[in-house]
């Protein structure tokens, strides 16, 4: 398999070439790292968010965007499909990098994680990337400073001039769309956490409603999580049968049915206190090659509609 970062950088170049058309900004920091603003000070847009999603998955997944209905209301949905789910979703798209310096905090996703490869999924999959350029999408309130690029460069073992940071707020079009595009990733990750070999997931497709952009980050975070846990669906094609497929959807969680805004408030917004089994799509179909097809969980359109303020 070609380097995840090499494939992602080709898409980063596309974003830089068409920054004006995509309503995104691009500039160099003093240490020669590059920041692309997909939704902090720039508005971004649907096409920008879909390209950002492709970068997060290193070009190994196909996102699409269409108008449908939620609880009788016309609303966009985003769908993402990958035939390389272990690499594209777990080794790249997963938001597993807590980027933190003295003057900056953000949540990182994208192929830069594969250059560090310290998370457990890289050991399960047996993949580590090597490349001299890297991209990290950063969900953040503020634009990344030099210190953020230096941390990425140090851990990924590249020069700062080879670091590309793609920044966006949760409360932005990019935040709404890229987070809704995580249904397949979260289903695959949940299955892996339950002990299933992620390399036996042949194909993964996920779909979720796109939340309206909120006017504050906490509301946006709650809405994007509700979109997956209560409105998200996924279809996985796998090689081997297992007895725990019914534990994949979010409906198995004891806290299921409580909107994330209320759940986060009860936990004083300590994200690590949220039960891990809630971070999954609401309904999951698992199709075993040459074997049975399982359907578990169900969506709750009323809860999602309330969360979205419809």
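We did not get these values from a lab; they are worked out from the coordinates using the rules stated. All values derive from a computational prediction rather than experimental measurement. For neighbour counting, all protein chains shown are included, and Cβ atoms are generated from backbone atoms with ideal geometry for every residue, glycine included.
Worth a mention:
- Reported label for calculated volume of the Cα convex hull per residue in Å³ given [x] 133; [y] 120; [z] 181: [y]
- Packing-based order for 28-37, 187-196, using average beta carbon neighbours within 10 Å, highest first: 187-196, 28-37
- Computed from Cα atoms, the angle from the helix 46-56 axis to the main principal axis of the chain rounds to 90 degrees.
- For segment 1-156, the equivalent ellipsoid derived from the Cα gyration tensor has semi-axes of 24, 21, 15 Å, listed largest first.
- For residue 240 and residue 265, the difference between the fully extended length at 0.36 nm per residue and the C-alpha to C-alpha distance is 5.0 nm.
- Helix 146-156 vs. the chain, principal-axis angle (Cα, 0 to 90°, nearest 10): 70
- Percentage relative contact order, the chain, counting C-alpha pairs under 8 Å, at least six apart: 17
- Judged by the mean number of other Cβ atoms found within 10 Å, the most tightly packed of the peptides 295-307, 158-170 leads the ranking 158-170, 295-307.
- Helix-only CD estimate at 222 nm, as mean residue ellipticity for the chain, using -39500 (n - 2.57) per DSSP H run (n ≥ 4): -9000 deg cm²/dmol
- Relative compactness, segment 183-238, computed as alpha-carbon Rg over 2.2 N^0.38 Å: 1.32
- Counting only DSSP beta bridges with both residues in segment 4-308, the antiparallel share comes to about 70 percent.
- Inter-label distance for residue 197 and residue 17, nm, one decimal - labels placed 7 Å from Cα along Cα-to-Cβ: 4.0
- Whole-angstrom gap from segment 239-277 to segment 28-81, using each part's C-alpha centre: 25
- Degrees, to the nearest 10: 183-193 long Cα axis against longest axis of the chain: 80
- Neighbour-count ranking [beta-carbon atoms within 10 angstrom, fewest first] of 119, 79: 119, 79
- Highest-MSF residue in the chain out of 125, 286, 55 [GNM, Cα springs under 10 Å]: 125
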